[in-house]
1. When you go through (1) surrounded by fewer than 19 Cβ atoms within 10 Å (Cβ to Cβ); (2) within 11 Å of chain B (Cβ to nearest Cβ) one by one for residue A:35, which number turns out not to apply?
2. Please give the number of the condition residue B:466 fails out of (1) within 8 Å of another protein chain (Cβ to nearest Cβ); (2) assigned to a helix (DSSP H, G or I); (3) at pLDDT below 80; (4) in contact with a helix residue (DSSP H, G or I) (Cβ under 8 Å, 6 or more places away or on another chain).
3. Quick one: residue B:500 ticks every box in (1) at pLDDT 55 or above; (2) surrounded by 14 or more Cβ atoms within 10 Å (Cβ to Cβ); (3) more than 7 Å from chain A (Cβ to nearest Cβ) except a single one, so which number is it?
4. Residues that are away from every other protein chain (no Cβ under 11 Å), touching a residue at least 60 places away in the same chain (Cβ under 8 Å) and in contact with a helix residue (DSSP H, G or I) (Cβ under 9 Å, 6 or more places away or on another chain): does the range A:204-218 have at least one?
5. So which residues in the range A:124-153 are in contact with a helix residue (DSSP H, G or I) (Cβ under 8 Å, 6 or more places away or on another chain) and touching a residue at least 60 places away in the same chain (Cβ under 8 Å), if there are any at all?
6. Tell me which residues, restricted to the range A:233-251, are in contact (Cβ under 8 Å) with a residue 24 or more places away in the chain, facing chain B (nearest Cβ under 7 Å) and part of a loop (DSSP other than H, G, I, E, B).
7. Select from the range A:73-102 the residues that are within 10 Å of chain B (Cβ to nearest Cβ) and more than 15 Å from residue B:446 (Cβ to Cβ) and write down the one among them that is modelled with the lowest pLDDT.
8. Tell me yes or no: at least one residue of the range B:579-588 is in contact with a helix residue (DSSP H, G or I) (Cβ under 6 Å, 6 or more places away or on another chain) and on the phi < 0 side of the Ramachandran plot.
């Protein structure tokens, strides 16, 4: 359901759904410690809430085995977590986060060695989209939603299909996905997500100043983005993963019926069941292969 | 009159205003030769017919002098003024003949490929497609007219387009006119006592369709008992008698001439058809036919023809005809449509074709058993009492949902390193610690922050300043290179002409590559020649691309070269392949007598 043009009370009311990466394996080896990270993020969330009285913030934790909502600024359950040292909202968030981590740990099982330790990004993205859909259906007067992903874990190629589906549905509902990548390599999924949904992607150079990055780039509401310049990536990594082995590939075979991607020639498409014809001779080159290049 | 040449006296004018040089015009199949009477004047003309594209001429009825204007390929024209219109006509016919002949021969005799026999319709279709799509036209002009590809090859890959055009032209049959042309009013000649009826094939068809008795009579009488002319004479005599409202005379004549009687009687075939229709009426309310249709047997029904409302004795009733009957019958026939699609010239053929089609349609409705069963079925369906029906359980199709887990999970061969990853491989998180430990450390961080509060200050001022500076710098740098909108493409920021040229080059490169790769492996000399042509055309594109790069302002040059790079790569791959295959060929073809080396 595309978002109805909301009759806003003001142009810049926003709902920010923050996807927080709580993959313990990543945080244990990151240069930025988790507590520092949390300080930056909590201050940032507070700042968003002060930008406009009607702004809302929702935080979803992306764990290793599960995802869950850990904070919703519009709910009234924050009262009970009074703590002298910090604003109420922070303490409630931290409390919930801790509970989430305990639950997540209980769900962990024996993993084979060498598996990429990626977080369940597809899960939290889907949860964010569901929440946003509910907001859309809540009435004509609702804030402009957007999603902010704070990810550090590497991409899990087995989540490619689910993430792409989520990205396309976000595109369809005009929900921009901003992403801030905290890891050391590059994340193709995050780049594609921001590119396709017209969001902003940035990889901070200096993680000590994370708060400054967040405030400069990601605090801008959607209306202001039409006249505020935000950093643009030079190129986007459009590589896909194949459907059969979940490897990242940049040249492969496509089923012309359902557009599933395969790295090797198959007789039959495993998604839609259509039968492929004979392999073309080498002479008919370009029709069967697909090459994605940036900036076509 | 087949003449191989035409010689006429004419004046040659270069423009319309030019008074014209008098001389002799001689046209043969190959060329046009004009020799002026005065050998000193400069109007001699010797043009080959190959270059003549078309001809125009002034009309005979207008006040203009008889001129013939021949246009040539370069859009020049040669105007000849003749002495009279008959000369002009002769020359025109001759030129028309030559042009028609010339159009059939293909321009370039190709080596081993058969010439394509194009029908006029095909040519029209292609021309229409070219006119509609300017991209296509540009490609066509670039490749076919310069000899790189032939027409056949160009259109061979576009069969779908052509087919689509053809199917758009639906074959519609023209129906009958709604005006009652079978109701012919004769033209009377005041002086002699003759009455003339005009009969055209269209009218004949309509008469046969509307009056099946006449049709039957035609089939049986002609050509056995009487000629066609006699038949129609009798028919029109009957018409005339009807029109004179003289039913008594009609009865008298009918008694004399039995054939005439056929035309004067009521149409019994129609009557029987009407009765058949009534019998087939569905009791579940079919408005098709009811008793009222059989109005032929009802007395004083409707407006009589020629406005006559008199009642007459019953014996003459047979010879009366009422207007409403005719109109209804005509309407029914028009709505049915044209049942035959035959050349209308031959009446006998038309009659037979009509009879055949009637036979077919009656056969279709024939099997009474089927019809009555169908009616019974329909009756039972329509008179269902819903309350008394049993429950309607439809058979359920079994639900087949694939297990989503095979879709999303995959434990098989999860690559540790991605293949050929320019970014150096996905980060492998070194995990010396066990799961418990990592979770434990996370929870510790949370407790510490809960105990101590947020970091103070959240961010150091110098760090913040640095970050801010770096960000603003990079934003202002890239703004002019990449543009504000992440979705905006480089092409939009190029000047329009450059963008169009680049896009055109893309499509033409694709076209060339399509034909190039399709010609491999080379098996005939034709393909060999074609590949050579294509390779030359491809090599010509490189300098054009360089030109484009040079014409663009310097800040966009890098972007343009990025865009042009894939074109280069594709062309390079093709030319490499070509050269490799040439080498192989020359290595192999040592002993070939007509080697291509």
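1. Tallying (1) surrounded by fewer than 19 Cβ atoms within 10 Å (Cβ to Cβ); (2) within 11 Å of chain B (Cβ to nearest Cβ), residue A:35 fails exactly one: (1).
2. In the conditions (1) within 8 Å of another protein chain (Cβ to nearest Cβ); (2) assigned to a helix (DSSP H, G or I); (3) at pLDDT below 80; (4) in contact with a helix residue (DSSP H, G or I) (Cβ under 8 Å, 6 or more places away or on another chain), residue B:466 misses (3) alone.
3. (2)
4. Yes; the residues of the range A:204-218 include at least one that is away from every other protein chain (no Cβ under 11 Å), touching a residue at least 60 places away in the same chain (Cβ under 8 Å) and in contact with a helix residue (DSSP H, G or I) (Cβ under 9 Å, 6 or more places away or on another chain).
5. Our first condition is that a residue be in contact with a helix residue (DSSP H, G or I) (Cβ under 8 Å, 6 or more places away or on another chain); within the range A:124-153, this holds for A:125-126, A:129, A:142-143, A:145, A:147-153.
Listed by number, the residues that qualify are A:125, A:142, A:143, A:145, A:147, A:148, A:149, A:150, A:151, A:152, A:153.
6. Of everything in the range A:233-251, those that are in contact (Cβ under 8 Å) with a residue 24 or more places away in the chain, facing chain B (nearest Cβ under 7 Å) and part of a loop (DSSP other than H, G, I, E, B) turn out to be A:246, A:247.
7. A:84
8. The initial filter retains those residues of the range B:579-588 that are in contact with a helix residue (DSSP H, G or I) (Cβ under 6 Å, 6 or more places away or on another chain), namely none.
For the range B:579-588, residues in contact with a helix residue (DSSP H, G or I) (Cβ under 6 Å, 6 or more places away or on another chain) and on the phi < 0 side of the Ramachandran plot: absent.
The values are calculated or read from the model by the stated rules, or taken from the named source; none is laboratory data. This is a predicted model, so every value here is computed, not measured. As a convention, Cβ positions derive from the backbone with ideal geometry for all residues, glycine included, and neighbour counts pool all protein chains shown.
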